[in-house]
Amino acid sequence: MTLPPFDAVAAVLLIPLAAAVLLAFLPSYRLTARLNVVATLATLLAALSLLGGERPAPGPYLLVDDLNIVFVVLGTFVGFTTSVFSATYIAHELETGRFTPGYLRFYHAMYQGLMAAMNLALLANNIGLMWVAVELATLTTVVMVGLYRTHEALEAAWKYFILGSVGIALALFGTILVYMAALPHVGEGLDGMVWTVLIDRVGEFDPALLNVAFVFLLLGYGTKVGLAPLHAWLPDAHAEGPTPISAVLSGLLLNVALYAVLRFKLLLAANPDAIAPGPLMITMGLSSLVFASFMLYRRRDIKRLFAYSSIEHMGIITFAFGMGGPLANFAGLLHMVMHSLTKSGIFFAVGHIAQVKGTQQLDGIRGLTQSHPALGWSLVVGVVAIAGLPPMGIFMSEFLVVSSTFAREPLLALPLVLGLLVAFGALLMRLNGLAFGEPTGRMAPAEASYAPMLAHFGLVLVAGVYLPAPLVEWFQHVARMLG
Amino acid sequence: MERLYFDAAHLLAGGLVLVSFVQLYQDRLYALLNVYAVHALVLALSVAWQAFVQDAPHLYVTAAIALVFKAIVIPVALHRLIQRLGIHREIETVIGVGPTMLAGIGLVALSMAVILPVTAEADPLAREDLAFALSVLLLGLLMMVTRRNAVSQVVGFMSLENGLVLAATGAKGMPLVVEISVAFSVLIAFVVIGIFLFRIRERFDTVDVQALDSFRGERQ
């Protein structure tokens, strides 16, 4: 008897799905937390196996190409490390009674559901299917954000739900318009939604209709990326849900929505008469960056602080992809990877810190390097990285974004640098208060899992010092693909 | 015959926009739900007509979902919910009926101005449908921003989704997967919202979103 050939694409999609069903029914905490880790690890391994080996030919529903593999591997890696962090975090929440075992089953099932939806959105070759998957991912996170059932958590979940649904509705309308544009040229039926068919034929489509479609898609998926002025849900959702969810929101979900925008940007770019999608993305990216960097100063809540920092960085990434060209795309891609790793690493540290101190208020947390050296210094490393100081990877990617902008559009570099500097000042000012000075608040020793943080920050550091040649080549290839 | 097809589709899609307007000025929750049921009914008729005109039997499924689920099940369930919560009093509108209606008219004009010029290539039936669908979508959005009550925001969202279904069925031969998913997402959305409403009630004895807004999350 021969085993059926190992299908990595199916594994990436089905492992989380099966785990979600299983975890919904298993009662024991220890077992489910471990199973959660095992399932995400298996998904990560399956995603890694996509790197080598034969790629399946693009079908009407699924597609594997150089662009989405980056996102899938990054997403499953962050998913895996977050599940390790989550196991320790949840144990503490169970002890303090903020979680009940019933919620926990729900939480784990939703976590795996999110992984499955995310991978489906990334691997979809069908713009309708992609939309369905993004919507599913939104719904799973809405439920998880509201999990604590405090007043603030409910407000956050409600706001997220309403804004997310409006965004997703606009995106669906945009998707329908793309299909309408394809209809006269591709014909009725499934083909009109298959991305690989669309990209081949898009040159013939009616440019005016594509333009309107892209505006809807950018606004719709842009809401989910957290671009200003549609970002209102993001800080609340980050601050009020369980911290592992903040980590996956920043590390995964924002990227998935950005990926959707990029796919449609490629479509538009392939039609000679359509508007250039770049300027729209540049405008939204820059306004998010500048707005969020000023907002960083007024934060009093540690998770909100880093949520605004996520808006800032998504702005930078959107800006870089909007600029386009091999160098800016390369910088954008690198920055996206670095931001995901750093930000989720920071949220791991913040989650433990908030648990130890029993508060998320910045005023209540001081002198961490003295009271909890390991956590405190991890946070220092993380914030140094996210603020864009050398030798960390974000310095390099930000440097590339800025230098490529100076080379091509010096005027645009001014607001870009302004935003970066303002954010830099805010983060270092806050870091000073958090990490140094006289310790305040509770001093109980922390029960933390350091491995995920170390893995993330280690990778960011290595990337800042030395990028392996195959990786550079690959990113360059993807950057050229992005036009 | 062509003419009749076109006129009937036009009538039904236009009817949907009209019912959207009627929704805008309902100031009681029960009345709002009844109007929503009519909204879903008109949608079902419109989708069924499209199924007939396009000779696309799978669209009848979408029509049936709209009829059974949106026009009957959801309004009845929400009726019960409102009864249970004891909130069948007036809706507070943020801005008055007059300005809301004017804004609605503006939005309809906007969607005509956006859609009609860019769809010159498409066939006239799909084109008009799309313009009406965008109007319904924008009117749903308008309702969501002018209402403070969680239940009426949900109704606004559902009528917005009705607009999306209208657009999806107007686009000839659009794969079924999307239509079902739209209907399905409404179901999930409803479940999610149901949970929320109950939780909100459980904790705060109100479903008035304004009460939620007073919490900025960043209080000291």
Report summary line: Exposure-ranked with fewest Cβ neighbours within 10 Å first, A:Ile69, A:Ile302 stand as A:Ile69, A:Ile302
Report summary line: Proximal lysine pairs in the protein assembly as shown, meaning Cα under 27 Å and 8 or more positions apart or interchain, come to 14
Query - Vicinal HN-Hα couplings computed from phi for region A:161-168 (Karplus, 6.51 cos²θ - 1.76 cosθ + 1.60; Hz; Gly/Pro x) - result: 4, 5, 5, x, 5, 5, x, 5
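When only C-alpha pairs under 8 Å and at least 6 residues apart count, what is the relative contact order of region A:142-258, in percent?
Relative CO of region A:142-258 lands at 37 percent.
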Query raised in the report: Taking square-rooted eigenvalues a ≥ b ≥ c of the alpha carbon gyration tensor, is region A:358-416 rounded, prolate or oblate, where a/c under 1.5 means rounded and, failing that, a/b exceeding b/c means prolate?
Result: prolate
Report task. For each of B:Leu102, A:Leu45, B:Leu125, A:Leu23, count neighbouring Cβ atoms within 10 Å of the residue's Cβ, then give the residues from fewest to most. Result -> B:Leu102, A:Leu45, B:Leu125, A:Leu23
Report summary line: Rg/Rh over Cα atoms for region A:304-373, Kirkwood Rh, comes to 1.15
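On average, how much area does the Cα convex hull of the protein assembly as shown cover when viewed from any direction, in nm²?
Computing the convex hull of the Cα atoms and averaging its projections yields 30.4 nm².
For region A:278-483, what percent of Cα pairs sit more than 24 Å apart?
The answer is 41 percent, as a whole percent.
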Query raised in the report: Under a point spin-label approximation (7 Å from Cα along Cα-to-Cβ), what is the A:Glu438-B:Gln83 distance to one decimal in nm?
Result: 6.3 nm
Report task. In whole angstrom, note down how far apart the Cα centers of region A:53-118 and region A:126-151 are. Result -> 13 Å
Query raised in the report: Any idea what angle helix A:254-269 forms with the longest principal axis of chain A, computed on alpha-carbon atoms, 0 to 90 degrees, nearest 10?
Result: 20 degrees
Report summary line: Distance in nm between A:Asp363 and B:Val61 label points, each 7 Å along Cα→Cβ, equals 5.8 nm
Query raised in the report: Looking at the square roots a ≥ b ≥ c of the eigenvalues of the Cα gyration tensor of region B:33-130, which shape do they give, rounded for a/c under 1.5, prolate if a/b is larger than b/c, or oblate?
Result: oblate
Report task. Could you let me know the centre-to-centre spacing of region A:367-437 and region A:286-319, using Cα atoms, in angstrom? Result -> 12 Å
Query - Calculated from backbone phi, Karplus (6.51, -1.76, 1.60) coupling profile of region A:226-232 in Hz, x at Gly/Pro - result: x, 7, 5, x, 9, 8, 3
**Report entry** 5 angstrom amide H check on A:Asn126, placed H, neighbours 5+ away
**Finding:** A:Trp195
Query raised in the report: Rounded if a/c is under 1.5, else prolate if a/b beats b/c, else oblate: with a ≥ b ≥ c from the C-alpha gyration tensor eigenvalues square-rooted, which is region A:121-218?
Result: prolate
Report task. Express in whole angstrom the spacing between the alpha-carbon centres of region A:234-260 and region B:7-23. Result -> 39 Å
Report task. With everything on Cα atoms, drop me the angle between helix A:66-96 and the longest principal axis of chain A, reported from 0 to 90° to the nearest 10. Result -> 30 degrees
Query - ³J(HN,Hα) computed for each position of region A:348-363 - Karplus, 6.51 cos²θ - 1.76 cosθ + 1.60, integer Hz, glycine/proline x - result: 4, 4, 4, x, 5, 4, 5, 5, 5, 7, x, 8, 9, 6, 4, 5
Query raised in the report: Once Rh is set to the Kirkwood radius over Cα pairs, what Stokes-Einstein translational diffusion coefficient, in µm²/s, holds for region A:68-111 at a temperature of 20 °C and a viscosity of 1.002 mPa s?
Result: 185 µm²/s
Requested in this report: Normalising by the residue count of region A:278-483, find the relative contact order in percent from Cα pairs under 8 Å and 6+ residues apart.
Outcome: 31 percent
Query raised in the report: Which residues' amide hydrogens lie under 5 Å from the amide hydrogen of A:Asp301, considering only partners 5 or more residues apart or on another chain, with H built in the peptide plane?
Result: A:Leu362
Query raised in the report: Can you sort B:Val155, B:Val38, B:Val118 by how many other beta carbons sit within 10 Å, fewest first?
Result: B:Val38, B:Val118, B:Val155
Query raised in the report: Using alpha-carbon pairs under 8 Å, 6+ residues apart, how would you state the relative contact order of chain A in percent?
Result: 14 percent
Report summary line: Output field shielding_mean for B:112-124 (other chain Cβ, 10 Å radius) holds 4
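Throughout, read-outs are computed from the coordinates displayed, never taken from laboratory work. Keep in mind that this is a model prediction, so the values were computed, not measured. In this analysis, Cβ positions are derived from the backbone assuming ideal geometry, glycine residues included, and neighbour counts consider all displayed protein chains.
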